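Below is one structure; the comments refer to it alone.
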Amino acid sequence: DFSALPVVPEGTFAAPLKRPVHLGEDWLEPKQREYDSGDDAIWDALFARQMEILPGRACSAFLAGLEALDLGRGGVPEFATLSEELNRLTGWSVVPVPMLIPDHVFFWHLANRRFPAGNFIRTKETFDYIQEPDVFHDVFGHVPLLTDPTFADYMQAYGRAGWKAMQRNRLKALGALYWYTVEFGLIREAGGLRICGAGILSGPREAVFSLEAQSPNRLMLSVDRAMRTDYVIDDLQPTYFVIESFEDLYRQTVERDFNEIYNTLPPGFTYANAAVIDTDHVLHRGTQEYHLRGGRG
Ligand code: PHE
Ligand code: FE
């Protein structure tokens, strides 16, 4: 008897996320928004700040991609120009979206070699941290690596994998893999560990923390392990996974049949975000001092 249900007072729940009326099923903006000189200045300041930190810390493919796409030419880059260049290199393009888009739409774009990038840029007030990915995170953080042919193929395959994971109810696990590779991955290079994750590359703090702090664990990537591991959304990570190369990542994921993983995967995460287990290949066992102090700052 539904009439017996208590009436929920208005304003108890946040308004549901509604798609703006001008958007179609693809969630794409008809064109990239116009930026004013204040927006361009924010891009330039963010760019300059990262370039103080990233040489010697970002992986070589990322730095090469930044140059190839000339992302430091000044102001928010034009997606059309970027896409032309990217398209020549690896067949990818960058398309404007107004906000985070639903998972299945995101996967569909990736599977078609389109990277959906947030249209908007953060303000002076949110200069240091925003939770919603803006054009700086998306374009500066993600797009340079799409110039690498192997990484470009991985991203497309990930899009296809997303569809399957949704049907098999394994999105949480596949999402953890994305988190620990695309967003917060490290890579082993001849000169030492380097950053390849966009979530690290687009901010100043974690770029130093992830490589140099004693606090976090640094473990060689095992796909089965990472997919079972919880993570932190709004603070520095307690654990980073390290890949040997993009070919290594490709072999562990694209060339592996995930059905065998999905068949044995429990519904929730098995490992805490700070855990180290017997089977881990440990490069650095973290003290976890940062998170033990309570994190955030
Ligand atoms: N090869 C995986 C499968 O069989 C798909 C996959 C590709 C997963 C790329 C992650 C990244 O489902
Ligand atoms: Fe991202």
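Once both labels are positioned 7 Å from their Cα atoms along Cα-to-Cβ, the gap between D257 and D278 label points is 2.9 nm.
The HN-Hα couplings worked out from phi for the stretch 90-99 by the Karplus form 6.51 cos²θ - 1.76 cosθ + 1.60 (θ = phi - 60°) are 9, x, 8, 9, 10, 10, x, 10, x, 6 Hz, whole numbers, x standing for Gly and Pro.
Label zone (L100, point 7 Å along Cα-to-C-beta; backbone nitrogen cut-off 18 Å) within the stretch 209-231: 230-231. Would you mind counting up the charge near D234? Only other residues with Cβ under 14 Å from its Cβ, with Lys and Arg at +1 and Asp and Glu at -1. Overall, the nearby charge balance is -4. Among the trypsin sites (Lys or Arg not before Pro) found in the stretch 14-122, those both in a DSSP coil and sparsely packed, with 14 or fewer other Cβ atoms within 10 Å of their Cβ, are K18, K31, R33, R73. Once backbone amide H atoms are built at 1.01 Å from N, N217 has T239, Y240, G286 as its partners under 5 Å, excluding neighbours fewer than 5 places away on the same chain. Scalar couplings 3J(HN,Hα) for the stretch 250-262, obtained by applying the Karplus form with A = 6.51, B = -1.76, C = 1.60 to θ = phi - 60°, are 4, 4, 6, 10, 4, 8, 10, 7, 6, 4, 5, 6, 4 Hz; x denotes Gly and Pro. Over the Cα atoms of the stretch 82-236, the radius of gyration divided by the Kirkwood radius equals 0.95; this is the Rg/Rh ratio. Phi angles across the stretch 131-144 convert, under the Karplus curve 6.51 cos²θ - 1.76 cosθ + 1.60 with θ = phi - 60°, into 3J(HN,Hα) values of 7, 6, x, 9, 5, 5, 4, 5, 7, 5, x, 9, 5, x Hz, Gly and Pro given as x. Overall shape: oblate for the stretch 59-170, with the ratio a/c of the largest to smallest alpha carbon gyration tensor axis at 1.5 or above and b/c at least equal to a/b. Label positions at R88 and R160, each projected 7 Å from the Cα along the C-beta direction, are separated by 2.8 nm.
Along the chain, the exposed loop sites are chymotrypsin sites (Phe, Trp or Tyr not before Pro) outside DSSP states H, G, I, E and B with at most 11 other Cβ atoms within 10 Å, and the longest stretch free of them is 130-297.
Counting only Cα atoms, the stretch 26-292 measures 53, 39, 34 Å along its principal axes, largest extent leading. Where both bridge residues fall in the stretch 26-292, DSSP classifies roughly 30% of the beta bridges as antiparallel. Relative to its residue count, the stretch 145-188 spans a Cα convex hull of 66 Å³ per residue. The V21 and A190 beta-carbon pair, evaluated with R₀ = 51 Å, returns a calculated FRET efficiency of approximately 0.45. Which aspartates and glutamates does K172 reach when only Cα atoms under 20 Å apart count, and residues fewer than 8 places away in its own chain are ignored? Those aspartates and glutamates meeting the cut-off are D103, E132, E183, D224, D230, D234, D235, D257, E260.
In this structure, the amide hydrogen of L236, modeled 1.01 Å from its nitrogen in the peptide plane, lies closer than 5 angstrom to those of R296, counting only residues at least 5 positions away or on a different chain. Does the stretch 41-96 come out rounded, prolate or oblate by the C-alpha gyration tensor, with a ≥ b ≥ c the root eigenvalues, rounded set by a/c under 1.5 and, if not, prolate when a/b is larger than b/c and oblate if not? The shape class here is oblate.
With the alpha-carbon atoms of the stretch 165-273 aligned to their principal axes, the span from lowest to highest coordinate is 38, 29, 21 Å, starting with the largest.
No value in this document is a laboratory result; all are computed from the given coordinates. Given the structure is predicted, the values throughout are model-derived calculations rather than measurements. Positions of Cβ are generated from backbone atoms using ideal geometry, with glycine treated the same way; all protein chains shown enter the neighbour counts.
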